[in-house]
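Report on the structure given below.
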Amino acid sequence: MARLGILILASVALAAALSGCETAKPKLPPGARPTVEVGPPLKSETWKAVATAEDQDRIARLGLAWQQALADAQKSNAADVRREGKLLLPKSALPRPAPTPGSYNCRLIKLGKAAAAGKAFETFKPFFCYVEVEDDLLTIVKQTGSQRPAGRLWEDDDPTRLVFLGSLALGNEDQPLAYGDDPKRNMAGVLERIGPFRWRLVIPWPQSTSKLDVFELTPVDFTQQPQ
């Protein structure tokens with residue numbers, strides 16, 4: 001019985017000692033104040049402050065857009081999808097995505113059906129687009145055609161892509177609307193480099209007849225640029 005009492009007293013003493021260790025707080029030197037270090041803001045925070053909630057959601061669901069759009073296209077146009085190679089491979093982005101300012105040959109491929117009567121794979125005639133620097137940001141402008149996307153490229157936390165936020169100019173409009181002026185014309189996506197002097201601009205869930213729009217960009221010689 002005496003031994004049991006000793007064990008109980010030892011356990012109580014050990015618990016008290018441990019409790020004292022847990023509650024002890026280090027003392028700061030006189031005059032010192034605790035500080036909290038805050039790291040630099042994420043790059044994505046900058047473009048998300050500009051993008052609408054709808055466009056942030058479209059970019060967040062980019063992987064699903066690739067999956068569904070390619071599944072649709074491969075049912076009816078499997079050979080066409082294979083022929084495009086890396087252009088239509090979701091995970092083919094390379095580091096250093098920023099394009100060099102200048103004129104580019106561009107072409108558009110629409111993938112996936114947004115409506116039952118739509119086409120799962122559709123290509124369009126090549127056109128010209130232009131990359132330039134404006135207010136320390138790269139911009140892309142489609143120079144020809146009745147529908148001309150234009151927008152800015154923003155750095156992202158993913159080092160293999162830039163985020164595109166833009167709008168659509170129609171008909172004889174001299175200038176596209178600023179992003180956000182008309183939500184129905186907003187465009188959002190990512191720009192990726194997929195090879196030497198080869199880029200793609202990917203627009204998931206566009207406000208059109210497809211599930212994914214893929215623009216291919218390759219530089220052109222200055223003598224070929226439109227006037």
statement: In Å², rounded to a whole number, the accessible area per residue of the stretch 118-180 with probe 1.4 Å is 54 Å²
query: By how many nm would the segment from D158 to E45 grow when fully extended, if each residue of separation counts as 0.36 nm and the alpha-carbon distance is taken off?
result: 39.4 nm
- request: Mind checking the full-extension length gain between A71 and R83? Use 0.36 nm per residue of separation minus the Cα-Cα distance, one decimal, nm.
  value: 2.8 nm
- prompt: Considering the zone a paramagnetic label at V133 would reach in this model (a point 7 Å from Cα along the Cα-to-Cβ line), which residues of the stretch 68-111 have amide N under 11 Å from it?
  reply: 101
message: With a 1.4 Å probe and all protein chains kept in place, how do W66, W154 rank by accessible area, largest first?
response: W154, W66
query: Which percent of the accessible heavy-atom area of the stretch 105-227 goes to carbon and sulfur, probe 1.4 angstrom?
result: 52 percent
query: Tell me, in nm to one decimal, what length is gained between Q147 and S208 on full extension, where the rule is 0.36 nm per residue of separation less the Cα-Cα distance?
result: 20.8 nm
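The values are calculated or read from the model by the stated rules, or taken from the named source; none is laboratory data. Values in this document were obtained by computation on a predicted structure and should not be read as measured data. Backbone-built Cβ (ideal geometry, glycine too); neighbour counts: all protein chains shown. Heavy atoms of the whole protein, side chains included, go into the accessibility calculation; ligands, DNA and RNA do not. Shrake-Rupley method; radii C 1.70, N 1.55, O 1.52, S 1.80 Å.
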